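Worksheet for the structure shown next.
What follows is calculated from the coordinates using simple rules that are stated; it is not laboratory data. Here the structure is a predicted model, which is why all the values come from computation and not from measurement. As a convention, Cβ positions derive from the backbone with ideal geometry for all residues, glycine included, and neighbour counts pool all protein chains shown.
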């Protein structure tokens, strides 16, 4: 399985071929608290890196989820509609948000690896 | 952080319990513990939870004519309040807005007040400015306030303080929990049975630990407190009521004493009287959005594409297992069942005006 890359907006990306799977990081789900609703993008939507494409709502607040790279949405995680708490229990696996066909895989080079992301999180604390 | 946050006497206990602390009204307060808001909310409805609300203002009014003096600032009937009883009331502005909402208890020789943290300075200045000679306001900054809430709270507390179980809803008594002198009122902000306990700050941690050691008790933070009070249909000052909202618009006319409605001698009486006679332009209503997405404060409310109001509080209600909100709508759209659209992120979410509380109150009788 490909290595995860991380954005400064606390999303993770896993690239398989030219399809990227995207979710929010374990750090992000901890900060949000109990997730009660997720609004996910429609397949076919074209997005640029940095576009707000999904919303995650905890009891307390709503947060945007951004596309870490540009491309076309191919699929959203329908299981989150019935079980949004999966974002808390499995943020970096079954709790993925959406998949997209990446327009330019070199955009992933701008993202952090796990070690750099951890350092980034520590610097924000 | 630019400003130094104040701490309550339970600050070190919160840290020990793993609380996530957030700034609130100038204080570092626990928004949640490791269990999380959802679990803390449900634990309150099912069992017993302990909230630190020591940021709230506590004060006492002493002297002959204290009740009459307070009535200069509120439309509540304070004089009718019997010793050992507490009531909820509003401080009003000359323009007919709400300066704050508060609790007042008659302790026999004095009145005891509980004020919102964000408003206590404003309130006390207003009260002091209205006091006649012989009546004094004593602020009690060295006292802590704990809320022990939920159906199991009073039964569990009775092991330490048997007389608390005999208190009726909104009853108040000076008593002891173990050997700690406390002032207990059978009240709260969750819709559940429970008590609020005023205690000397230097005994607060001992008391909190004793309460948390009771069977089934757990700590709960401000996050759960907010979702609990919203499900219970209770207003939050600064969100649902403020200096621009009147008691009539807020649906809080029940806090205006019958006698006060013949005297009309409280701040803002002209606006209140006019709105009672002709109806207010807008009304606070409960709102149930369809689906699961919460509509938060400041969400625009529309009917047929036209804006008719705004959400003032909105969350996901853990006991409802769905979103709930309250807000103000033009009076013509305030009837229960009225279809509304909530404009969330550019989309219209269908919703209905609904009676509050969303979760029935279960206060002691």
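Run the helix sum for chain B: -39,500 (n - 2.57) per DSSP H stretch of 4+ residues, divided by residue count, reported at 222 nm to the nearest 500 deg cm²/dmol. My calculation for chain B gives -5500 deg cm²/dmol from helical runs alone. Of the Cα atoms belonging to region A:5-103, the radius of gyration and Dmax stand at 12.0, 37 Å. Classification of region B:128-243 by its C-alpha gyration tensor yields an oblate form. The axis ratio a/c (a ≥ b ≥ c) is 1.5 or more, and b/c is at least a/b. Using a Gaussian network model of chain B in which every pair of alpha carbons under 10 angstrom is joined by a spring, one finds that among B:61, B:145, B:17 the greatest mean-square fluctuation is at B:17.
Take the Kirkwood radius over Cα pairs of chain B, plug it into Stokes-Einstein at 4 °C and 1.567 mPa s, and you get 61 µm²/s for translational diffusion.
Diffusion coefficient of region B:226-329 by Stokes-Einstein, Kirkwood radius over Cα pairs, 20 °C, 1.002 mPa s: 145 µm²/s. Per the Cα gyration tensor, region B:282-354 maps to an equivalent ellipsoid with semi-axes of 17, 13, 10 Å, ordered largest to smallest.
Packing, taken as the mean count of other beta carbons within 10 Å per residue, orders the peptides B:121-128, B:44-51, B:159-166, A:95-102 from highest to lowest as B:44-51, A:95-102, B:121-128, B:159-166. Equivalent ellipsoid of the protein assembly as shown: semi-axes from √(5λ) of the C-alpha gyration tensor, largest first, are 45, 28, 19 Å.
Taking a point 7 Å from the Cα of residue A:79 along the Cα-to-Cβ direction, the residues of region A:33-47 with backbone N closer than 20 Å to it are A:34-43.
Each of residue A:103 and residue B:276 was given a label point 7 Å from its Cα along the Cα-to-Cβ line. The distance between the two points is 6.4 nm. Largest GNM mean-square fluctuation among B:250, B:270, B:117, using chain B with Cα springs under 10 Å: B:270. The smallest convex shape that holds all Cα atoms of region B:97-173, its convex hull, gives 141 Å³ per residue. Here the sum of -39500 (n - 2.57) over DSSP H runs of 4 or more residues, divided by the residues of chain A, equals -5000 deg cm²/dmol at 222 nm, to the nearest 500.
Here region B:208-365 carries DSSP beta bridges of which approximately 95% are antiparallel, counting only pairs with both residues inside. The mean number of Cβ atoms from other chains found within 10 Å of a Cβ in peptide A:34-42 is 4, as a whole number.
In whole percent, what relative contact order does region B:1-118 give with Cα contacts below 8 Å and a gap of six or more residues? Answer for region B:1-118 is 20 percent.
Normalised by the number of residues in chain B, what is the relative contact order in percent for Cα pairs under 8 Å and 6+ residues apart? Relative CO of chain B lands at 18 percent. Counting only DSSP beta bridges whose two residues both lie in chain B, roughly 95 percent are antiparallel.
Working from Cα pairs under 8 Å separated by at least six residues, relative contact order for region B:282-354 is 39 percent. Each principal axis of the Cα atoms in region B:1-67 has its own extent, and those three values, largest first, are 48, 38, 17 angstrom.
Rg and Dmax of region A:76-124, based on Cα coordinates, read 14.0, 35 Å.
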